[in-house]
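Below: one structure, written as structure tokens.
The values are calculated or read from the model by the stated rules, or taken from the named source; none is laboratory data. Bear in mind the structure is a predicted one, so any value in this text is a computation, not a measurement. Backbone-built Cβ (ideal geometry, glycine too); neighbour counts: all protein chains shown.
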Amino acid sequence: MSVAGRSPHARPFGLNDGCIFVQSTCYRVYAKPNTANLSAGVSLARSADTDTRDSNFHKSGHLDIWTGQLHSGHHLLSHAPVSPVLRRAEYPHLELQGSGATIMADSSRKRKQTVDHGNHGNHGKRPRFLQKPQHNIAATPTRNAYPNGEINVKNFLKSHEVEIKSLEHAIKAAKQALTRRAFQDVPRELRRRTASHNPQRVPKRLRARSKQEAKEDNTPLARGTSGSGSGKGKIKFLRKEGREKSRQTWEERAKRRKVESSIEAPGKPESTKQPKQLTAAQATNVASGRRRTFPPLATPPTPPSRFRKRQKGKTWLPTHVWHSKRARMTDPKDPLWGFAIPLQPVVKAYRLTHRSATQRGAVAWDTSYMSTLGLEGAATSIINLLKSLNFATGSLENPWQDRGRAKRWMLGTRSWDGWICEREAIPPKKIALITAIWCVPDPQLPKRKLFIRVHPAAFPAVWNEVVRTAKVQKPCVTVQDLRYEIGSIEITGPAAAETLTSILVPIENTGAVGHAPQTLWGSLASTTDAASLPAGALLAFDISDPRLRDPPSTSPLLADQRSLDALTDILASWPIDTTQTTPSIFDRNARMAAARSMLSQKSINRRRSGCTLGEHPDIKPTDAQIPVLVYVSRASKTWTVLLPWKSVMAVWRSIMRYPVSTGGNPRFGGIKERRQVYFERSLPYFPYDCPGTDAGWAWELRERASRKHEWTKRPKGKRIEWTTIDLGNGRKGETGDPWACEWEYLLPEGINESGGKPGELRPLFQQLSLDEARNIVKEASSHVKDRHSARLLAVKISMIQRGTPTDCARVYRLPANNMELRARWLALMPQAGREAPPKKRSTYARSELPAHLQLKALARALTTPTEIQGGPPKAGEQDYPVVPDEEDLIGFVTTGNYNLCEGIPTAVANVALDRIMCAVKEGGGLAAENRLCIVRQAGSTIGRLARWEAV
């Protein structure tokens, strides 16, 4: 007899002491070919679907008692709560089979276990993991599907449908059970520690599961207590009630004041307040009837009431809420340049940023914190304003010539990057690196327009200089602050053009010519390198709301030879120079109209709900027409998109959701990723690598305080003691301030710091561009004597030896007064003719030789004297040269790390040109030897040989 067909509630059965304990409550019992005679009184329970009319079954409590014979093929299903007992000695022909059964052999050697029938408790081992009901797979009897030997297809499929669904549900439940919690299923960008204790930080589909898991394991739930407004903390309703009461009180007071001011009280004494005293300048202006007017600074848009208190003293970017969930933001009490700016993603992104920016994919930044100034006036007045500020002075190309790229820039089809200086400073004192963009001239308007894009760190200085210079122009130039009207997005990488052409879809214009920007825009999708476009290439057109085409789809890239040839012709001729019309983004009315007509996300979803799968809503004439302006930078290989401030978020979300053809989505970056991209391309990035400017000096002071704070909060046993550093030759202690780039050490003799408190005002530094430095190097002898300030030059440092330079590292030249030490440092240079040291000989080849040859090789190795390998000493050895003295210090590293693009450690540093010129004058030119330097980390005693190159 066999037992099979376990029910969901079946338990395994066993054989012990010659008895078969059928512990299952749902088994089918079969007989072998020979009939098994069962004695009366043997307990065999049957299932509910067993024929209850069988006379051989009798009720005995809650068990059915079998009194007859069990024939072959007879089915008995048991659902009794008490297990029946079968004695194998009495029924040798019985055979029990069942899924999950455990049959123990009847052996007299095993310890006999007594059965206490009087004790109904369970003395068995408690199961470690309790079986959950959702893991049981329900099964429907299939014999009902084919009564009388006929198959009922409907019932048959229905019964299997239930089984399949139960099986799928069980597999899904088993996969999630005891493996992953709800907070572990959130995206990688979310903070794990916050998400694990706050169900509101997980996606909506996982919140119920997170709350249930927290309830089961008694985990306290975190409540949102940050910020302001109702819905925060345990006393949210009390807060709400208190605010409502305060508002009512304020309204009553305002109403009372209004009533009292409208009723004039009789006999009220006149006011005894003294008139406000005017200054001499104000009195002169009042007497002469003049009123000095200055253009007002822009005010940030009024945030929603729930976010208003969080933006005191700073402004959120349009994508702040999106970034705050995925990036580390600036300290709320210490914003950067008045903005809350993302610093870096919460996930590790150094290598991912490198791959996305150089190999495949793209990296995007919300650069709406970049300041925009609008100039409007006569073309000659704007040109004279830029010339008086020494714009692009010292560049390889002259922006004021009437040919080539300069002429196209004046016509509004190119952008131009250059330094802007103070108006009357001698020598010119650089303020910031800006981007100037002209508007295409309109024949019907006599005035021209110009945009100036500048970093927010230098905006106050640039604003003051531009306003002062604009006042003296004849005719006058109008200056506008467009910081909160125009936002921007920067993107770089091989898939940058593909992403932008798919998201920024121009509005169809029936009057557009064949080579118009909106017509040729889509053909640029196959461009993988922004440097392949003309220098400063610019396109401007109007686009529709990208949310109407959400989710975005991958745009087809043209890979056939004919399309590639056409793209090459477009990049070579660039017909947009002759077809570009006046961009709408220069018109304030167009910007405001686009901001007002932006639909809410609820309206967008309502329109999308009426479309079928794969379709997008039709564009209506009332939809927003977003003016955009796209320009390219060859140096940084980036695409910059200018668009209205309130339209940034719609475009940003679409860019982040775009499926790149090579896989994945574009990544986002913060300030650190932006610096990384410039560093890997060995470009100095303003203001971090420009300490010769006011903005760069302010950043240096900020970094000094940050490094000192990091050092101070460490315990004394785990921080560097700067006074005990041994630099060799009896020198103790770090050179200068260990947390700072001590540019004061680089000042020439006879030049002192500016007045003021120490550390507040910058020394008399002059930041040089590469072209200016080249001119000075060519005429070295005439410039060494005439020094009005310390001139700093940005250089790229490549390590020759091991070691990775970091920020604040010291840069030395080769010793000028100690020729012996200089020779020792030059001996560390790898020589082309020097053979590499022999590698350790492998023992694998010797083991393949015969035994007698192996003995000969071993004897030869033991008798041959060991050759002393030549070569320079290694760092840390006694013969390794010490670092030079302070008089050979030429600069400091501002940005340093391992360069993934070049595969070696590199750095961007600033060096004093005057100290380099001394070495050039003594050495007779900029030979390879004079371009060598020594880099030492702050707090380290070992220097590393490196090579510098002006950038």
**Request:** Counting only residues that are under 26 Å from A457 (Cβ atoms) and outside the structural domain of K474 (by TED's automatic domain parsing), give me the helices (runs of 4 or more DSSP H) lying completely in the range 315-410 with at least 3 of them.
**Result:** 320-324, 350-358
**Prompt:** With respect to P318, is the statement that it is surrounded by 14 or more Cβ atoms within 10 Å (Cβ to Cβ) and touching a helix residue (DSSP H, G or I) at 6+ places or on another chain (Cβ under 7 Å) true?
**Reply:** yes
**Request:** Select from the range 718-733 the residues that are over 35 Å from the mean Cα position of the chain (by Cα) and in a loop (DSSP other than H, G, I, E, B) and list them in ascending order.
**Result:** E721, I725, N729, G730, G733
**Asked** If we scan the range 627-647, do we find a residue that is assigned to a loop (DSSP other than H, G, I, E, B), surrounded by fewer than 22 Cβ atoms within 10 Å (Cβ to Cβ) and among the hydrophobic types (A, V, I, L, M, F, W, C)?
**Response** yes
**Message:** Let me confirm something: among A497, A461, A512, which residue is assigned to a helix (DSSP H, G or I), surrounded by fewer than 20 Cβ atoms within 10 Å (Cβ to Cβ) and not β-branched (V, I, T)?
**Reply:** A461
**Request:** Within the range 555-578, identify whether any single residue is farther than 18 Å from A497 by Cβ, in a helix (DSSP H, G or I) and of a type in the set (V, I, T), and answer yes or no.
**Result:** yes
**Asked** So G394 fits all but one of (1) at positive phi; (2) surrounded by fewer than 15 Cβ atoms within 10 Å (Cβ to Cβ); what number is the exception?
**Response** (2)
**Request:** Determine which single condition G610 fails, assuming it passes every other condition in (1) modelled with pLDDT of 95 or more; (2) outside the structural domain of T413 (by TED's automatic domain parsing).
**Result:** (1)
**Message:** Given the criteria among the charged types (D, E, K, R), loosely packed, with under 13 Cβ neighbours inside 10 Å and more than 33 Å from the chain's Cα centre (by Cα), does D577 qualify?
**Reply:** no
**Request:** Taking A595 as the residue in question, decide whether it is of a type in the set (A, V, I, L, M, F, W, C) and crowded, with 19+ Cβ neighbours inside 10 Å.
**Result:** no
**Asked** Cβ-Cβ below 7 Å, separation at least six or inter-chain, first residue in the range 803-826 and free of Cβ contacts under 8 Å to residues at least 24 places away in the same chain, second not aliphatic (A, V, I, L, M): which pairs?
**Response** R822/P815
**Asked** Any residue at all in the range 879-900 that is in contact with a His (Cβ under 7 Å, 6 or more places away or on another chain), over 30 Å from F765 (Cα atoms) and at pLDDT 75 or above?
**Response** yes
**Asked** What's the number of the condition K240 fails, among (1) out of contact with any helix residue (DSSP H, G or I) (no Cβ under 9 Å at 6 or more places or on another chain); (2) surrounded by 12 or more Cβ atoms within 10 Å (Cβ to Cβ); (3) at pLDDT below 60; (4) not aromatic (F, W, Y)?
**Response** (3)
**Message:** Just to check your reading of the model, which residue among P763, P738, P758 is closer than 20 Å to T894 by Cβ and modelled with pLDDT under 80?
**Reply:** P763
**Message:** What's the total number of residues in the range 419-440 that are touching a strand residue (DSSP E or B) at 6+ places or on another chain (Cβ under 7 Å) and either of a type outside the set (A, V, I, L, M) or in a loop (DSSP other than H, G, I, E, B) (or both)?
**Reply:** 10
**Complete:** Of the residues in the range 681-717 that are outside any loop (DSSP other than H, G, I, E, B) and of a type in the set (G, A, S), the one that is nearest to the chain's Cα centre (by Cα) is S706
**Prompt:** Mind checking whether some residue in the range 607-623 is under 31 Å from the mean Cα position of the chain (by Cα), surrounded by 23 or more Cβ atoms within 10 Å (Cβ to Cβ) and under 25 Å from V321 (Cα atoms)?
**Reply:** no
**Request:** Might you let me know whether the range 650-668 holds any residue that is assigned to a loop (DSSP other than H, G, I, E, B), assigned by TED's automatic domain parsing to the domain that holds Q580 and of a type in the set (K, R)?
**Result:** yes
**Asked** If A595 passes every condition in (1) without any contact (Cβ under 8 Å) to a residue 60 or more places away in the chain; (2) in a loop (DSSP other than H, G, I, E, B) but one, which one does it miss?
**Response** (2)
